[in-house]
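So the structure is just underneath, and the comments pick up after that.
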Amino acid sequence: MADLNDPARLAELRGAVLRADADAILDACVVRAAKLARSPIAVVSLLVRHVQLLRAQYGLPLELAVSCATSRSNSFCQLVVLDEVPLIVDDALRDERVPKELVESYGIRAYAGVPVRAHGHVLGALCVLDVVPRRFDQRIVGALEQLAIDVSGRLSALALGDAPLASADVQERLVRVEQATRALERALLALSPVIAAAQAATAGPRVDAARGIDASHASRAAHVTPASLRAAVSCWRDMGPVADELCEEAAAIAGASPCEAASGLATEARALARNLAEIGPLVRLAEGVLDGTLGEAAAAKGRALVLRGALDAHEAASAAVQKLRAGALRARAATAGPGSGAAAPPGAA
């Protein structure tokens with residue numbers, strides 16, 4: 001059985017693999033999968049640390065198509081990744097292997113999913129779903145497996161597109177890493193009201209024995225205006241290119257410098273990019289409410305599926321930004337030439 005949190009597997013989930021923008025090849029694959037299986041829904045899923053990202057989809061309910069995600073723990077595809085073999089579910093209501101959240105919320109009753117890989121690691125699944133119990137015969141499963149070869153090839157190509165840049169001046173790149181972390185830290189801070197508002201709207205205020213009601217999340221949510229929400233969404237949109245640039249810079253630094261601090265930057269940068277991708281579904285739901293694509297009821301259903309993961313990812317991303325900045329400062333001190341005047345950061349001995 002595979003480990004969903006295997007660092008080598010997660011390392012393949014980076015850069016263009018995780019982007020939410022449409023990919024013509026993957027989109028064509030899910031349309032073809034739906035037609036082959038005569039199913040109303042088809043998806044290419046990617047299992048990250050907290051969230052199942054829907055990298056390409058056909059026929060999903062609107063709020064899922066907007067968020068492009070569900071909680072990883074609620075997904076059927078986690079079983080495909082764990083076992084690294086196809087999963088066939090004839091009737092999800094009666095199948096004890098699968099979580100019931102999608103059954104209860106969206107009436108998903110039948111499922112067929114096959115692994116998709118990049119460089120030997122199962123990243124997720126190509127799957128078809130139906131809202132009525134049914135059997136997926138071996139002919140359909142075989143066709144999905146053949147189609148999954150195309151999906152896997154595309155994911156591998158997207159991962160290779162995130163390869164390190166040619167080496168340049170390490171000190172200049174480290175300065176750019178520091179600048180990028182400061183920009184991301186400000187953007188993550190701007191997202192805090194969105195996180196608080198979503199938590200308050202989904203869970204409501206929590207009772208506190210000493211004060212009666214803990215209004216911390218509710219009070220912060222009350223101050224979220226449409227204008228500030230739009231600003232937060234804009235900040236998140238801006239974070240993607242910054243995170244991509246940071247990954248490229250960190251990879252180039254790691255390739256050009258043998259010091260331990262430099263070698264850890266690429267790993268930390270990719271972990272940060274994964275965390276940002278897992279915050280994205282919650283922000284897209286907020287954007288859907290703002291632009292009128294989603295009603296509040298539909299957005300609430302979507303939030304319930306991704307909120308916990310977004311909370312965890314926001315906290316992890318904030319911590320990762322600080323680690324990256326500290327690592328960049330240590331690497332600057334370690335790689336500075338004699339007489340450069342670069343000083344080691346406090347506590348970096």
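What spacing in nm lies between the two simple spin-label points modelled at E84 and L4, each 7 Å away from Cα in the Cβ direction?
1.8 nm
Taking every Cα atom in the range 48-185, find the radius of gyration and the maximum pairwise distance Dmax, and write them in Å.
Final numbers for Rg and Dmax: 18.8, 60 Å.
Starting from the Cα-Cα distance between A24 and D312, subtract it from 0.36 nm times their residue separation and give me the gain in nm to one decimal. List each step's numbers first, then the result.
On the way: separation 288, 0.36 × 288 = 103.68 nm, distance 3.11 nm.
Extra length available between A24 and D312 comes to 100.6 nm.
Could you list, bin by bin from short to long, the percent of Cα-Cα pairs of the range 1-124 in 10 Å steps?
Calculated P(r), rounded to whole percents: 13, 48, 35, 5.
Over the range 262-326, one equal point on each Cα, no solvent: what is log10 I(q)/I(0) by the Debye formula at q = 0.23 Å⁻¹?
-0.86
What distance in nm separates the simple spin-label points at E101 and L160, each placed 7 Å from Cα in the Cβ direction?
The answer from the label model is 3.5 nm.
Taking R0 as 41 Å, what's the FRET efficiency between S263 and R135 from their Cβ-Cβ distance, rounded to 0.05? Spell out each step's value before the answer.
Working: r = 51 Å, r/R0 = 1.24.
Efficiency, rounded to the nearest 0.05: 0.20.
Please work out, to two decimal places, the log10 of the ratio I(q)/I(0) at q = 0.13, 0.19, 0.22, 0.24 Å⁻¹ from a Debye calculation in which every Cα of the range 29-76 carries one identical scatterer.
-0.28, -0.58, -0.74, -0.85
Among 140-147, 271-278, how do they line up by average Cβ neighbours within 10 Å per residue, starting with the highest? Write out the running numbers ahead of the final one.
Working: 140-147: 16.8, 271-278: 26.4.
Packing proxy ranking, top to bottom: 271-278, 140-147.
Based on the Cβ-Cβ distance of E185 and L62, what FRET efficiency does E = 1/(1 + (r/R0)^6) give at R0 = 35 Å, to the nearest 0.05?
On the way: r = 33 Å, r/R0 = 0.95.
The pair E185/L62 has a calculated efficiency of 0.60.
Treating the angle as unsigned and between 0 and 90°, give the value, to the nearest 10°, between the Cα long axis of helix 24-37 and the longest Cα principal axis of the chain.
Approximately 20 degrees, to the nearest 10.
Kindly report, to the nearest 10 Å², the accessible surface of V116 as traced by a 1.4 Å probe over protein heavy atoms only.
0 Å²
So how exposed is V66, as accessible area in Å² (1.4 Å probe, rounded to 10)?
Its accessible surface works out to 30 Å², give or take rounding.
Summing -39500 (n - 2.57) over the DSSP H runs of n ≥ 4 in the chain and dividing by its residue number, what mean residue ellipticity at 222 nm do you reach, to the nearest 500 deg cm²/dmol? Walk me through the intermediate numbers first.
On the way: 11 runs with 204 residues, N = 349.
So the helix-based figure for the chain works out to -20000 deg cm²/dmol.
Any idea of the accessible area per residue across the range 58-100, 1.4 Å probe, to the nearest Å²? Present the calculation step by step, with values, prior to reporting the outcome.
Working: 1850 Å² over 43 residues.
In whole numbers, the range 58-100 has 43 Å² accessible per residue.
How many percent of all Cα-Cα pairs in the range 1-57 sit more than 13 Å apart?
Numbers: 1021 of 1596 pairs.
Above the 13 Å cut-off, the range 1-57 has 64 percent of its Cα pairs.
Under 12 Å from the Cβ of P40, count the other residues' Cβ atoms, weight Lys and Arg +1, Asp and Glu -1, and hand me the total.
Working: positive: K35, R38, R109, R134; negative: D130.
Residues near P40 contribute +3 overall.
Charges at C-beta only: +1 for Lys and Arg, -1 for Asp and Glu. How large is the resulting dipole of the chain about its Cα centre, in Debye rounded to 20?
On the way: 37 positive and 39 negative charges, 68 e Å.
The calculation lands at about 320 debye.
For the chain, with all protein chains present and a 1.4 Å probe, just round the carbon and sulfur fraction of the accessible area to a whole percent. Display every interim value, and only then the final one.
Details: 8430 of 15450 Å².
About 55 percent, which is the carbon plus sulfur part of the accessible surface.
Provide the descending list of Cα extents for the chain along its principal axes, expressed in whole angstroms.
For the chain, the Cα spread along each principal axis is 73, 54, 35 Å.
With a 10 Å cut-off between alpha carbons and a GNM built on the chain, which of P133, P226, P86 moves the most?
The residue with the greatest mean-square fluctuation here is P226.
The values are calculated or read from the model by the stated rules, or taken from the named source; none is laboratory data. As the structure is a computational prediction, the values presented were derived from the model and not from experiment. Quick reminder, even Gly has a Cβ in these numbers, built from the backbone with ideal geometry, and neighbours come from all protein chains shown. Ligands, DNA and RNA are stripped out before the accessible areas are found, and what is left, the full protein with its side chains, is counted by its heavy atoms. Shrake-Rupley method; radii C 1.70, N 1.55, O 1.52, S 1.80 Å.
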